[in-house]
Amino acid sequence: MAYSKDQLLARLKELQIEFSQYEHPVVLTVEAQAKYVGNLGGALSKNLFLKDKKHRYYVVSALADTKVDLKVLSQRLGLGKGGLRMAAEEALVEILKVPLGCVAPFAVVNESARHVSLLLDQGFKAQEYCFFHPLSNDMSISLNAHCLDKFLKSIGRDPSYVDLEANPPVGKDQPPDLAAFVPSDAPILSDLPVKAPTQDSTGKHVSAASNSAAVAAKAIKPSGNAQNVKEKPVNTVQPSIPAADAGNFVEELLDRASALLLSEISEDSIKQHSGQLGAEVANNIKKCLREDLKNLATIFKNTAYTEGFYAGTRYQPKRL
Amino acid sequence: MEKVEDQNPQQEEDQVVNPWEVSAKDGGKIDYDKLIDKFGCQRLDQSFVDRVQRLTSRPPHVFLRRGVFFAHRDFNDILDAYERGQKFYLYTGRGPSSEALHLGHLIPFMFTKYLQDAFKVPLVIQLTDDEKCMWKNLSVEESQRLARENAKDIIACGFDISKTFIFSDFDYVGGAFYKNMVKVAKCVTYNKVVGIFGFTGEDHIGKVSFPPVQAVPSFPSSFPHLFSGKDDLRCLIPCAIDQDPYFRMTRDVAPRIGYHKPALIESLFFPALQGETGKMSASDPNSAIYVTDSAKDIKYKVNKHAFTGGQETIEKHRQYGANLEVDIPIKYLNFFLEDDAELEHIKKAYGAGRMLTGEVKKRLIEVLTEIVERHRRARAAVSDEMVDAFMAVRPLPNMFD
């Protein structure tokens, strides 16, 4: 599924985008790249793959000599100071599907990078052409910013250029000027099933004690809330508030209890306790699960109370 | 007469502990004995822990067993009254200065939840959005937004909605609450508040008049929708020890306006990953484990940034063992590893050099990951409507059940 260099080049040709390509040995840094294509008249780019504390990702593509201050950028995005850091190499591979040293605006072409935000240096526009890696470090292609735009538009991206060196004040009366670049959708991790947020799934989605449930829950919740916040009409029924589902709740309890039960009964434990195994296992289950299940029950109670409270605030008193 | 400490900001050799700054002497460790002495509170000894176990008929919380909550004021009075059938209510809070909560922030809330469950008492949680607006120069809207976001993480700690009232200052100050604020304010001179909090002539008047806001939730009459007619109800405040100045002031004022002094139960600071020289900072991402950290982040942070007491080479380590005094993974396990026996075993083996730093870190990563995972799942179940419900000014008819 991941785009290859050849597929990208083919696509560019299809779109009749003018570019020149230069093969060279694999390079991992701008300096190394400069050795091969630095004297050809175009501008080199440096590309950063960043992430913020809420696991949202950004590709920042700039001229090699543009000064990019992560602290300033973080503030301009509304992430506070120190909200941005370099993303891990694994994220590079998982989300952008490119190896180290190969980040470029083209890297957002893959589905997995759908929610990665792209910031482009306005300095590109002043250059005749700029060099980028086309999803592989053993080649650089040069093209005009205008042509880059054509490509980005073709993949549904809105090319917007930013003065990356600017340092406008961010404060009470000056909202972060780049706040629009922060991805608003839930981040989709490529190895998880992407569920469309339905009414039921925003409820007790703690169905399986597994990591994917937790992350899917995280992914689903923000959209669920966005729904809730936007619709606040007075007399329509609001089905989108999370429901306390007794069935899901019980399934979760049973799943945990049976998982623990199975782990407690083994050849060794049978040998060790023989006739007493039942009592022993029962005790262990109580000991291990007590707090966990109480927590689950509290969540269930709070959810049910909230449903009732919500209904109560929209209750129409009996007409006398 | 209780010692009411006057803070002298000029003494730089001493450690500094107040609501806005925590730093040890000469970049060393915080001396808690000195702190208890200076502040004038009491040590929480084992007899208290045993008594709590007896009164609540359940094992005491890991933070009590390990001395994380280590100091108190008048906790014995609370327990005496409880034994006589007189309940109390809990009061704790958070200054919502950032969206990024770390494990250190959760500690008072985890403990408070235990207290709520064990003693079956109601709880009020104050979100001091006004304080952060003033001290951190946030906009009013931003601090209110952060308050709501933080409320979600707080709710995720597992509080019972039928016994918990969460409020933000911007929303709630007024009415009976404000009347108490004025009563308190009348009893504290400008000089006194400068002495306690170190305000200067350059500080704006918002800061100077803030302390009563944090004081009055200690008085039941501040919450007429909850405690009307129960003016005698006592209050217990679980907090980190740096909040002590607010409540020293409150305890000084309380009898003068006819209220019980609130009792306090205070915790140590959760050390930063890089070592025990202060408390975790929300602005340095590698000093702390955040509730939004992924399993990978936790593994990375513990492996790369946790300060250890292990020796430089394996041979030296096997010979001399680890320095448990400064080892951060051991300290963190002290906070979060439930099993007393396992912790003892690890300490013995690591201290003797039989266990390596890597193994201790691995266990810590497991423990922390489980906590953060559990928190995240609970957080995912918190909707905006749930926050609204927790924050609604409503009666709590079953709050003592």
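The values are calculated or read from the model by the stated rules, or taken from the named source; none is laboratory data. Predicted, not measured: the structure shown is a model, and the values here were computed from it. Quick reminder, even Gly has a Cβ in these numbers, built from the backbone with ideal geometry, and neighbours come from all protein chains shown. We work out accessible area using only protein heavy atoms, side chains counted, and drop any ligands, DNA or RNA first. Shrake-Rupley method; radii C 1.70, N 1.55, O 1.52, S 1.80 Å.
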Checklist entry - Among the residues of segment B:374-401 satisfying the criterion of being within 23 Å of the chain's Cα centre (by Cα), more than 7 Å from chain A (Cβ to nearest Cβ) and of a type in the set (Lys, Arg), which is surrounded by the fewest Cβ atoms within 10 Å (Cβ to Cβ)? => result B:Arg374
Checklist entry - What about B:Thr112, is it of a type outside the set (Phe, Trp, Tyr), in contact with a Cys (Cβ under 9 Å, 6 or more places away or on another chain) and away from chain A (no Cβ under 14 Å)? => result no
Checklist entry - Would you say B:Gln86 is within 14 Å of chain A (Cβ to nearest Cβ) and open to solvent by 40 Å² or more (accessible area, probe 1.4 Å)? => result no
Item to check | Cross-chain or 6+ apart pairs with Cβ under 7 Å, segment A:249-260 first and without any contact (Cβ under 8 Å) to a residue 60 or more places away in the chain and more than 8 Å from A:Leu296 (Cβ to Cβ), then part of a helix (DSSP H, G or I) and β-branched (Val, Ile, Thr) | outcome: A:Ala257/A:Ile285; A:Leu260/A:Ile285
Item to check | Filter pass, B:Phe197 being aromatic (Phe, Trp, Tyr) and modelled with pLDDT of 95 or more | outcome: no
Item to check | Qualifying helices (runs of 4 or more DSSP H) (wholly inside segment B:132-224; at least 1 residues being among the β-branched types (Val, Ile, Thr)) | outcome: B:140-155, B:175-186, B:190-197, B:205-208, B:211-215
Next on the checklist: Considering only residues that are more than 14 Å from chain A (Cβ to nearest Cβ) and among the acidic types (Asp, Glu), which ones fall in segment B:156-174?
Outcome noted: B:Asp169, B:Asp171
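Residue-wise test of (1) touching a Ser or Thr at 6+ places or on another chain (Cβ under 7 Å); (2) closer than 20 Å to A:Cys147 by Cβ; (3) hydrophobic (A, V, I, L, M, F, W, C); (4) more than 14 Å from chain B (Cβ to nearest Cβ).
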position	(1), (2), (3), (4)
A:Gln21	no, yes, no, yes
A:Ala32	no, no, yes, yes
A:Ala43	no, yes, yes, yes
A:Leu50	no, no, yes, no
A:Glu90	no, no, no, no
A:Leu96	no, no, yes, yes
A:Pro99	no, no, no, yes
A:Glu111	no, no, no, yes
Next on the checklist: For segment A:47-71, give me each residue that is part of a loop (DSSP other than H, G, I, E, B) and not β-branched (Val, Ile, Thr).
Outcome noted: A:Lys53, A:Lys54, A:His55, A:Arg56, A:Ala64, A:Asp65, A:Lys67, A:Asp69
Checklist entry - What do you reckon, is A:Val60 farther than 24 Å from A:Asp163 by Cβ and either open to solvent by less than 30 Å² (accessible area, probe 1.4 Å) or within 14 Å of chain B (Cβ to nearest Cβ) (or both)? => result no
Checklist entry - Within the group A:Ala304, A:Ala297, A:Ala257, which residue is away from chain B (no Cβ under 14 Å), at pLDDT 85 or above and open to solvent by less than 70 Å² (accessible area, probe 1.4 Å)? => result A:Ala257
Checklist entry - Does any residue of segment B:176-195 turn out to be at positive phi, in contact (Cβ under 8 Å) with a residue 12 or more places away in the chain and either open to solvent by 30 Å² or more (accessible area, probe 1.4 Å) or out of contact with any Leu (no Cβ under 6 Å at 6 or more places or on another chain) (or both)? => result no
Next on the checklist: Can you find a residue that is under 21 Å from B:Lys296 (Cβ atoms) and open to solvent by less than 20 Å² (accessible area, probe 1.4 Å) anywhere in segment A:34-47?
Outcome noted: no
Checklist outcome for this item: Here, helices (runs of 4 or more DSSP H) confined to segment B:292-336 with at least 3 residues that are in contact (Cβ under 8 Å) with a residue 40 or more places away in the chain are B:295-305, B:328-336
Checklist entry - In this structure, is B:Ser209 of a type in the set (Gly, Ala, Ser) and modelled with pLDDT of 95 or more? => result no
Checklist entry - In this structure, is B:Lys347 under 19 Å from B:Asp297 (Cα atoms), away from chain A (no Cβ under 14 Å) and either surrounded by fewer than 20 Cβ atoms within 10 Å (Cβ to Cβ) or acidic (Asp, Glu) (or both)? => result no
